[in-house]
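Colleague: The structure follows.
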Protein chains: 2
Amino acid sequence: MSAETHPELTKNQALVFGSLSGAGGPLTAYAILDQLRDDGFRAPLQVYRALDKLVEYGMVHRLESLNAFVACAHTGCAAHGAAAFAICERCGDVSEFTPEKAIDLLRNWTEQQGFRLSRTTIELRGTCKACASSN
Amino acid sequence: MSAETHPELTKNQALVFGSLSGAGGPLTAYAILDQLRDDGFRAPLQVYRALDKLVEYGMVHRLESLNAFVACAHTGCAAHGAAAFAICERCGDVSEFTPEKAIDLLRNWTEQQGFRLSRTTIELRGTCKACASSN
DNA sequence: CCGAGGGCGTTACTTTATAACACAAATACC
DNA sequence: GGTATTTGTGTTATAAAGTAACGCCCTCGG
Ligand SMILES: [Zn+2]
Ligand SMILES: [Zn+2]
Ligand SMILES: [Zn+2]
Ligand SMILES: [Zn+2]
C-alpha cells in the first residue's frame with residue numbers, strides 16, 4: 001500500500017506521515033509526538049513543521065473541529081481541491097468524501113460575493129451507521 | 001437593538017452575548033473574558049459555560065477554524081439547522097450565510113451512508129471582496 | 001569557498017480548554 | 001412547608017494545543 005507519488009519527504013515528514021497512515025484515523029499532534037519518541041522526536045514543533053508540509057502537499061488533512069490530523073484517503077488529495085469529513089462522535093471514525101456538487105454551490109456563492117476562496121472546511125458530526133445500529 | 005426572542009438568559013449568558021453582539025465579529029473566549037473583567041468575570045470557565053448555552057440556543061456559532069465565537073447573524077439560528085461562514089484571512093471579516101442546497105446535498109450523502117447527522121460545520125477561508133480589490 | 005534557503009533540535013512560552021470542588025438559586029415533588 | 005434535584009456560579013489548578021526565538025547543519029548554486 002501507499003504508491004508514493006510524493007514530493008520527496010524528509011525523514012521527519014515521512015515519520016509523521018507513517019504514523020498517521022498507520023493509525024487508520026485522526027491523531028492529534030501530541031499523539032503523533034508520543035508515537036515518535038522512540039524515533040527521536042522531543043518537541044511539538046517537530047511534528048507541527050512536518051504536518052504543515054504534509055498538509056501543503058495535500059497528503060494530510062486537518063480536522064478543525066477535532067484539532068487533529070488525518071492521512072488523506074485518496075492517495076494524494078491535491079487532485080480534488082476540497083474534501084469533506086463525516087466524524088462519528090461515538091467511535092471516532094472519520095470518512096472522507098468529495099461532495100463535488102455541494103462544493104460547486106459553495107464556490108458559486110463565493111464568486112458572486114467577490115470572495116476569493118482559498119480553503120474549504122466541511123465537517124459533519126454525528127453517529128456512523130455501525131454505532132447508530134448498535135444503539 | 002436586539003429584539004430578544006430568547007430563552008431567558010442568565011446574567012452571565014447575557015453579558016457574554018452582549019459582548020459578542022457588540023463586537024460585530026468573532027471573539028475568542030479569552031477576548032470575551034478580558035472584556036468582561038469589569039463585570040466581575042475572573043475565569044475562563046465563566047465564559048465557556050455561557051458560550052455552551054448560547055451555542056445550544058443557536059444564538060452563537062463556534063468557528064472551528066478560528067477557535068472563536070460569533071453572534072448569529074439571523075437573530076436566532078435555531079430556524080435554519082446549519083450555517084456557513086466565509087472568513088477573510090486579511091481583515092478577519094466573517095459573513096454568515098445559509099447554503100440550503102449544498103446542505104441538502106450533504107445531508108443526502110449522510111442519509112445514504114446511514115450516518116445520523118447532528119452538526120454541520122462549513123467554513124470558507126479566503127479574501128473578501130474589499131480586501132481583494134485593495135490588493 | 002561562500003552565501004542563501006530549508007530543514008532540524010531545543011527551550012521557553014502563549015493560547016485555548018477542562019477538571020474538580022464548593023456553594024447558591026431555582027424547580028419539582030410530596 | 002420541607003426536601004430532593006437540577007442548574008447556575010465562583011475559584012483554583014491543570015491539561016491540551018500551538019508558537020516564538022535561537023542557533024546549528026545541510027545542500028545547492030554561484
Ligand atoms: Zn483527501
Ligand atoms: Zn461510530
Ligand atoms: Zn446563525
Ligand atoms: Zn477582508
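The values are calculated or read from the model by the stated rules, or taken from the named source; none is laboratory data. What you see is a predicted model, and the numbers here were worked out from it, not measured in a lab. Cβ coordinates were reconstructed from backbone atoms using ideal geometry, including for glycine residues, and neighbour counts include every protein chain displayed. Remember, those area values only see protein heavy atoms, side chains included, never the ligands or the DNA or RNA. Shrake-Rupley method; radii C 1.70, N 1.55, O 1.52, S 1.80 Å.
Colleague: For segment B:70-127, enumerate the residues that are of a type in the set (Lys, Arg) and either open to solvent by 30 Å² or more (accessible area, probe 1.4 Å) or within 11 Å of ligand 3 (Cβ to nearest atom) (or both).
Modeller: Within segment B:70-127, B:Arg90, B:Lys101, B:Arg107, B:Arg116, B:Arg119 qualify.
Colleague: Test B:Ala83 against the criterion of being over 16 Å from A:Phe85 (Cβ atoms) and either in contact (Cβ under 8 Å) with a residue 24 or more places away in the chain or more than 16 Å from ligand 2 (Cβ to nearest atom) (or both), and give yes or no.
Modeller: Yes.
Colleague: Specify the residue that is farthest from B:Ser118 (Cα to Cα); the eligible residues are those in segment A:95-135 that are of a type in the set (D, E, K, R) and touching an Asp or Glu at 6+ places or on another chain (Cβ under 9 Å).
Modeller: Residue satisfying both the conditions and the ranking: A:Arg119.
Colleague: Sticking with this one: Kindly provide the set of residues from segment B:84-98 that are at pLDDT 95 or above and away from ligand 4 (no atom under 16 Å from the Cβ), ordered by number.
Modeller: B:Ala84
Colleague: Taking only segment A:49-63 into account, find how many residues are open to solvent by less than 10 Å² (accessible area, probe 1.4 Å) and either within 16 Å of ligand 3 (Cβ to nearest atom) or within 11 Å of chain B (Cβ to nearest Cβ) (or both).
Modeller: Selection size over segment A:49-63: 1.
Colleague: Separate question: Hey, among B:Leu66, B:Leu51, B:Leu33, which residue is within 16 Å of ligand 4 (Cβ to nearest atom), at pLDDT 95 or above, among the aliphatic types (A, V, I, L, M) and outside any strand (DSSP E or B)?
Modeller: B:Leu66
Colleague: Here is a follow-up. Restricting to segment A:77-112, what's the tally of residues that are in contact with a strand residue (DSSP E or B) (Cβ under 7 Å, 6 or more places away or on another chain) and either within 16 Å of DNA strand D (Cβ to nearest atom) or part of a helix (DSSP H, G or I) (or both)?
Modeller: Here the count works out to 9.
Colleague: Shifting gears a bit: Considering only segment B:86-118, state which residues are at positive phi and free of Cβ contacts under 8 Å to residues at least 60 places away in the same chain.
Modeller: Within segment B:86-118, B:Gly114 is the sole residue that qualifies.
Colleague: Just for segment A:27-48: of the residues that are open to solvent by 40 Å² or more (accessible area, probe 1.4 Å) and touching a residue at least 12 places away in the same chain (Cβ under 8 Å), which one is nearest to ligand 2 (Cβ to nearest atom)?
Modeller: A:Thr28
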